[in-house]
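Since the structure comes first, as structure tokens, the remarks are kept for the end.
Just so it is clear, none of the values below were taken in a lab; they were calculated from the coordinates. Predicted, not measured: the structure shown is a model, and the values here were computed from it. Quick reminder, even Gly has a Cβ in these numbers, built from the backbone with ideal geometry, and neighbours come from all protein chains shown.
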Amino acid sequence: MKTKIVLPITLILLLCGVVLVSAWTIEYGTTINKGWNLVYAFIEPGQIQGIELSNIKAIYGFMPTTQEYVRFYPNPEMDKINRMDGDQFRNTAFWVYSDAETGKEFNGIYNAVEYWIAEEPIPYNERQIYKGWNFIGITSDMIPKSFEEIKGNCDIERSHIWISSEKEWADFPEMFYPSMIGKGFIIKVTSDCKLGTSGSSNINPPQIPN
């Protein structure tokens, strides 16, 4: 319960221009290409290293409970942000528009940058997924697992990953790879569910003798 109250307040202060140096404590990395990128837990330009803050021109989140986009930067839509659960910030991937890229390799990945997040990611098997579309951040505990392992009891209608270098959607691959950490993907589910949670099993124990 504490996280749901404190985290949104911290984020709102940051979005309003209040500098909280201690807010970003955990280092992450991902690719930032010129144009739109889908990035885990990236809500404001001050998180980034490797390119200039001024290169980040727009950031949007997605609210799964209402199935609508929420502008985080510039001019954050505070009426919508205030309605978001704190855990949604920690689960989701955000649209980040950059007008520049490094043109260099970092840790073996072209156009990769470092950025900071406020809290440890929620384990994938504790994440709440809502009916309809969900934007999901790819975190290190998903590696190296298959999509089947991750989806748990969710009835997934569609799944896609954004290829920022090509500026297009692709079907999600069968496996999660290390180069995907820090990125995001989207799924459309038929009802509320949780990732990594098994449903009913077809394996039953032996019957007790009559």
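With each label point set 7 Å from Cα along the Cα-Cβ vector, what nm distance links Ile163 and Ile109?
1.8
Length gain on complete extension for the stretch Gln49 to Tyr177, per 0.36 nm per residue less the alpha carbon to alpha carbon distance? It would help to have the intermediate numbers written out before the result.
Numbers: separation 128, 0.36 × 128 = 46.08 nm, distance 2.30 nm.
Contour length minus Cα-Cα distance gives 43.8 nm.
Let me understand the stretch 33-142 better: what is its radius of gyration from the alpha carbons, and its Dmax, in angstrom?
Using the Cα atoms of the stretch 33-142, the pair Rg, Dmax is 14.1, 41 Å.
If you place +1 on the Cβ of every Lys and Arg, -1 on the Cβ of every Asp and Glu, and leave all else neutral, what size is the dipole of the stretch 84-147 about its Cα centre, to the nearest 20 Debye?
On the way: 5 positive and 10 negative charges, 57 e Å.
The calculation lands at about 280 debye.
Subtract the Cα-Cα distance of Gln67 and Tyr97 from 0.36 nm times their separation in residues, and report this length gain in nm to one decimal.
8.7 nm is the gain from fully extending Gln67 to Tyr97.
Any idea how far apart Lys188 and Trp36 come out in nm if each label point goes 7 Å out from Cα toward Cβ?
According to this spin-label approximation, the distance is 1.5 nm.
Ordered by packing density, taken as the mean number of other Cβ atoms within 10 Å over each peptide's residues, highest first, how do 168-179, 108-119 rank?
Values: 168-179: 13.2, 108-119: 17.8.
For the peptides 168-179, 108-119, the packing ranking is 108-119, 168-179.
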